[in-house]
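The values are calculated or read from the model by the stated rules, or taken from the named source; none is laboratory data. As the structure is a computational prediction, the values presented were derived from the model and not from experiment. With ideal geometry, Cβ positions are generated from the backbone for all residues, glycine too; neighbour counts draw on all protein chains shown. Heads up: the accessible areas ignore ligands, DNA and RNA and are worked out on the full protein's heavy atoms, side chains in. Shrake-Rupley method; radii C 1.70, N 1.55, O 1.52, S 1.80 Å.
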Amino acid sequence: QVQLVESGGGLVQPGGSLRLSCAASGSIFSINAMGWYRQAPKKQRELVASLTSGGNTNYADSMKGRFTISRDNSKNTVYLQMNSLKPEDTAVYYCFFNILRERERGYNNYWGQGTQVTVSS
């Protein structure tokens, strides 16, 4: 089993900052990539940022320069620092890890439970 636990969401005013965390635990043999998606009401889930095991990052255009993805390998944890938040950033944010479990042959995506981020005055 693999468990992902997210934290850090909440209500913030426009221009404010939040930091999301997502910790993976369980029978993890290897992690290939990790990252964040978000889903706003009545919209499709969209990629926010991703980070590979080699350190390559990818950001959605609207997040570049405002959001930063990082990790702590010793804790199997990925972070998303969100600055200069806008009302349109309001969404449920989901973390994911692409993991090879012990005694398995392929990598699979595992998802966090989601954390609400609301940007409003």
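Tabulated results
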| quantity | calculated |
| --- | --- |
| Some residue of region 51-70 being within 13 Å of the chain's Cα centre (by Cα) and in contact (Cβ under 8 Å) with a residue 60 or more places away in the chain | no |
| Lone unmet requirement of (1) at pLDDT 95 or above; (2) in contact with a Leu (Cβ under 9 Å, 6 or more places away or on another chain) for T77 | (2) |
| Number of the condition not met by V78 [criteria: (1) touching a residue at least 24 places away in the same chain (Cβ under 8 Å); (2) open to solvent by 30 Å² or more (accessible area, probe 1.4 Å)] | (2) |
| Selection within region 68-95 - assigned to a strand (DSSP E or B) and of a type outside the set (S, T, N, Q) | I69, R71, D72, V78, Y79, L80, M82, A91, V92, Y93, Y94, C95 |
| Residue in region 55-67 that is farthest from N32 (Cα to Cα), counting only those that are open to solvent by 70 Å² or more (accessible area, probe 1.4 Å) and not in a helix (DSSP H, G or I) | G65 |
| From N98, N32, residue being in a strand (DSSP E or B) and open to solvent by 60 Å² or more (accessible area, probe 1.4 Å) | N32 |
| Among (1) open to solvent by less than 60 Å² (accessible area, probe 1.4 Å); (2) closer than 17 Å to F97 by Cα, the one test that Y37 misses | (1) |
| Filter result for the condition that a residue is open to solvent by 30 Å² or more (accessible area, probe 1.4 Å) and under 30 Å from G106 (Cβ atoms), over S70, S50 | S70 |
